Amino acid sequence: MANHVEIADGQCKGCRLCIENCPTHSLVQGSQLNKSGYQYAKFEQHGCTACGFCYYMCPEPGAITVIKDDGKGGA
Amino acid sequence: MVKHAKPKSFYDEFVRKGGPGEKNTHYCPGCGHGNVHKLVAEVIDELGIQDKTVFCSPVGCSVFAYYYFDVGNVQCAHGRAPAAGTGVTRSLEDGIVISYQGDGDLAGIGMGSIMHAANRGEHMAVFFVNNAIYGMTGGQMAPTTLVGQKTLTSPFGRSAGGEGFPLTMCEIINTLQAPVFIERVSLANAPRILKAKRAIRQALVNQVEKKGFSFVELLSPCPINWKIEPVQARKWIIDTMEPLFPVKNFRNLEEAPAKYEKPVPVSDADMKKLFNVEKNISVTPKEAHIDEQLVKLAGFGGQGVLSAGVLLANCAIAEKHNTSWLPSYGPEMRGGTANAGVIISDGQIGSPLVDNPTFFIAMNGPSLDSFETDILPGGMALINTSLIERKVERTDIKVLYAPLTEIAQEAGMAAAATVAGITMYALATGVIAIDTIKQVIPLSIKRKSLVEENLRVVDAAAEYFRKNLEKG
Ligand SMILES: Cc1ncc(C[n+]2csc(CCOP(=O)(O)OP(=O)(O)O)c2C)c(N)n1
Ligand code: SF4
Ligand code: SF4
Ligand code: SF4
């Protein structure tokens, strides 16, 4: 599976820092609210390089997980 | 392959006081504390130091760091994390100590604490989160608030004339000799955050390698109190903070300029030397258990009340009792009133205060007036009739009357009247042997010429006691 990012919906606070700092524009703000009332971020594949920028911009410990394509076809 | 995920040094769930476990922090959206927490936790993972790390958290928004970090935690008094950390790092030899502080905490109320810890080169990594404002309390001006910056308490903008200039802590710490590593970093964007991680890593590697005091300042956003959106807040760091707080390394030494040497416990022999009590004296320890003795000696300053108390305490120590001595005197050590409380016990002594003596020695009238009512019922009082004319009014205590000053004067030393008092105390209670007093006097009197006079006073007092008071 290609490089990608998993967002834990419930942990996102909708601050947009990951979205604004993604070099490949692979993140967007969704329209739905999570249980804390935040419009959480969503991953949209636009050539994610697994650079980790979104991970480091995100202040929440577990909201973002970055997965790199290891060429084996699995996650 | 998972490349970046929640660091292991965080708890899986954050259990907050009185609430259910949560996965997210208590920080506002876009707050820099979360970024710093993540970097610190990642580096702890990478260095494999989770089990020996002690995180000293401040008062400020990050007060609850112990909800998040699965390491040792101390929640410190406001501004005192470097002081608490000093205690931890000095006693926990293998420990990795982190002092995590905000700008109000570190550069305001805790300024003294950080300066001295830095100046001593304490082995700790300080992570100084500078968001130019008091976050937790709702956005008041901080020591690092910029000139012109509007806060709750500088609504028209900070004025340098009225409120001073912002304190630049890296530059200030850099005037000290002891620190090994000083760097300022910024959380404004991803490349800067990766640089910040390298600085945090260096500061913690320095702890693993026992290099010394390492200071990392992180320019960090407080979007809520800056009243700007999280994304704009990061830009504000670049545009407004970084020009005043330059992001750079200030120092990176290979070795600390001074090394801390753990104090070696002083040996009994050296301790005796320090306190000038090297000579051993031979006493036959008493078989009988003594009841707790609460002795108070009171007189005017210069009468030797305090040193007589020391003499009594030393005699009791020589006889292997537990002893305390507590002096009390006014600002005028001579001339005013003075008293000493001596407790002699075979058990543990809790407080050295003697509020209600079992034995009271009154050297002058004002002392008797002050303390007569305090004596324990069934206790004893020794009255220096040379200076006190009146009788004791209490009827529930035993009273001994003796002209202590005159006895001492006739023996050649009026100033030793209190020694006569101690002698009579020893005879009246049987707690201390006269022989012990005579062995201790040469050890505790510095001027050898006075030893003879004092010993004569002891003999004279003992003789007076046997003749006049023993039966009474
Ligand atoms: C002795 C004491 N004085 C004052 C306070 C109130 N107080 C709590 S946090 C704080 C300042 C916090 O600002 P900072 O250190 O910059 O941390 P931040 O919240 O911005 O992370 C103050 C003054 C307190 N809790 N205790
Ligand atoms: S890992 Fe990099 S490229 Fe992929 S979503 Fe995150 S920021 Fe964008
Ligand atoms: S940075 Fe984190 S909290 Fe902010 S929008 Fe992205 S995932 Fe959500
Ligand atoms: S008040 Fe400021 S420092 Fe405190 S949690 Fe909110 S954004 Fe962070």
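The values are calculated or read from the model by the stated rules, or taken from the named source; none is laboratory data. These numbers come from a predicted model, not from an experiment. Neighbour counts are summed over all protein chains in view; Cβ atoms, including those assigned to glycine, are modelled from backbone coordinates with ideal geometry. When the accessible area is computed, the model is the full protein with side chains, heavy atoms only, and any ligands, DNA or RNA have been set aside. Shrake-Rupley method; radii C 1.70, N 1.55, O 1.52, S 1.80 Å.
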Only listed residue being within 16 Å of ligand 1 (Cβ to nearest atom), over 22 Å from residue B:222 (Cβ atoms) and either within 14 Å of chain A (Cβ to nearest Cβ) or in contact with a helix residue (DSSP H, G or I) (Cβ under 7 Å, 6 or more places away or on another chain) (or both), chosen from B:83, B:65: B:83
Scope segment B:374-421; condition open to solvent by 30 Å² or more (accessible area, probe 1.4 Å) and under 16 Å from residue B:341 (Cα atoms); matching residues: B:374, B:376, B:380
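Given the criteria under 21 Å from residue B:197 (Cα atoms), within 16 Å of ligand 1 (Cβ to nearest atom), of a type in the set (Asp, Glu) and assigned by TED's automatic domain parsing to the domain that holds residue B:207, does residue B:70 qualify?
Numbers: under 21 Å from residue B:197 (Cα atoms): yes; within 16 Å of ligand 1 (Cβ to nearest atom): no; of a type in the set (Asp, Glu): yes; assigned by TED's automatic domain parsing to the domain that holds residue B:207: yes.
Here the answer is no, as residue B:70 does not meet what is asked.
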Exclusive hit being away from ligand 1 (no atom under 16 Å from the Cβ), part of a helix (DSSP H, G or I) and open to solvent by 30 Å² or more (accessible area, probe 1.4 Å), set A:47, A:37, A:10, A:71: A:10
Identity of the residue in segment A:25-51, under 18 Å from residue B:4 (Cβ atoms), more than 13 Å from every other protein chain (Cβ to nearest Cβ) and not polar (S, T, N, Q), that ends up farthest from ligand 4 (Cβ to nearest atom): A:47
Conditions (1) of a type outside the set (Lys, Arg); (2) at the interface with chain B (Cβ under 7 Å from one of its Cβ atoms); (3) open to solvent by 10 Å² or more (accessible area, probe 1.4 Å): number failed by residue A:17: (3)
Residues located in segment B:107-136, provided they are closer than 21 Å to residue B:260 by Cβ and open to solvent by 20 Å² or more (accessible area, probe 1.4 Å): B:112, B:113, B:115, B:116, B:119, B:120, B:123
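Evaluate the following for residue B:343: is it at pLDDT 95 or above, of a type in the set (Val, Ile, Thr) and outside any loop (DSSP other than H, G, I, E, B)?
On the way: at pLDDT 95 or above: yes; of a type in the set (Val, Ile, Thr): yes; outside any loop (DSSP other than H, G, I, E, B): yes.
Answer is yes for this residue.
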Checklist (1) at the interface with chain B (Cβ under 7 Å from one of its Cβ atoms); (2) open to solvent by 40 Å² or more (accessible area, probe 1.4 Å); (3) more than 10 Å from ligand 2 (Cβ to nearest atom) applied to residue A:59, failing item: (2)
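Among B:47, B:39, which is the only one that is of a type outside the set (S, T, N, Q) and within 16 Å of ligand 4 (Cβ to nearest atom)?
On the way: B:47 fails: within 16 Å of ligand 4 (Cβ to nearest atom).
Exactly one of B:47, B:39 is of a type outside the set (S, T, N, Q) and within 16 Å of ligand 4 (Cβ to nearest atom), namely B:39.
Would you confirm, using the coordinates I've provided, whether residue B:45 is in contact with a Lys or Arg (Cβ under 8 Å, 6 or more places away or on another chain), within 14 Å of chain A (Cβ to nearest Cβ), farther than 24 Å from residue B:188 by Cβ and open to solvent by 10 Å² or more (accessible area, probe 1.4 Å)?
On the way: in contact with a Lys or Arg (Cβ under 8 Å, 6 or more places away or on another chain): yes; within 14 Å of chain A (Cβ to nearest Cβ): yes; farther than 24 Å from residue B:188 by Cβ: yes; open to solvent by 10 Å² or more (accessible area, probe 1.4 Å): yes.
Yes, satisfied.
Within segment A:1-11, which residues are under 13 Å from residue A:55 (Cβ atoms) and either more than 11 Å from every other protein chain (Cβ to nearest Cβ) or near ligand 3 (Cβ under 10 Å from one of its atoms) (or both)?
Residues of segment A:1-11 under 13 Å from residue A:55 (Cβ atoms): A:3-8, A:11.
Result: A:5, A:7, A:8, A:11.
When you scan segment A:20-30, do you find a residue that is part of a loop (DSSP other than H, G, I, E, B), touching a Lys or Arg at 6+ places or on another chain (Cβ under 7 Å) and away from ligand 1 (no atom under 16 Å from the Cβ), even just one?
So in segment A:20-30, the residues part of a loop (DSSP other than H, G, I, E, B) come out as A:22-26.
With the extra rule that they be touching a Lys or Arg at 6+ places or on another chain (Cβ under 7 Å), the set shrinks to none.
No; the residues of segment A:20-30 include none that is part of a loop (DSSP other than H, G, I, E, B), touching a Lys or Arg at 6+ places or on another chain (Cβ under 7 Å) and away from ligand 1 (no atom under 16 Å from the Cβ).
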Residues that are touching a residue at least 24 places away in the same chain (Cβ under 8 Å) and open to solvent by 10 Å² or more (accessible area, probe 1.4 Å), drawn from segment B:196-220: B:197, B:201, B:202, B:205, B:208, B:210, B:211
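Matching residues to (1) touching a strand residue (DSSP E or B) at 6+ places or on another chain (Cβ under 8 Å); (2) closer than 21 Å to residue B:357 by Cα; (3) at pLDDT below 95:
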{"position": "B:235", "(1), (2), (3)": "no, no, no"}
{"position": "B:244", "(1), (2), (3)": "no, no, no"}
{"position": "B:259", "(1), (2), (3)": "no, no, yes"}
{"position": "B:266", "(1), (2), (3)": "no, no, yes"}
{"position": "B:272", "(1), (2), (3)": "no, no, yes"}
{"position": "B:286", "(1), (2), (3)": "no, no, yes"}
{"position": "B:304", "(1), (2), (3)": "no, yes, yes"}
{"position": "B:313", "(1), (2), (3)": "yes, yes, no"}
{"position": "B:321", "(1), (2), (3)": "yes, yes, yes"}
Every residue from segment B:225-243 that is more than 16 Å from ligand 3 (Cβ to nearest atom), within 14 Å of another protein chain (Cβ to nearest Cβ) and not β-branched (Val, Ile, Thr): B:226, B:236
Residue count for segment A:41-50, restricted to those that are touching a Lys or Arg at 6+ places or on another chain (Cβ under 8 Å) and either of a type outside the set (Gly, Ala, Ser) or more than 6 Å from ligand 2 (Cβ to nearest atom) (or both): 1
Qualifying position, being within 29 Å of residue B:259 (Cβ to Cβ), touching a residue at least 12 places away in the same chain (Cβ under 8 Å) and among the small types (Gly, Ala, Ser), among B:139, B:95: B:95
Odd one out for residue B:331 among (1) modelled with pLDDT of 95 or more; (2) over 19 Å from residue B:428 (Cα atoms); (3) of a type outside the set (S, T, N, Q): (1)
Any hit, segment A:25-38, residues being within 10 Å of the chain's Cα centre (by Cα), within 9 Å of ligand 2 (Cβ to nearest atom) and at pLDDT 95 or above: yes
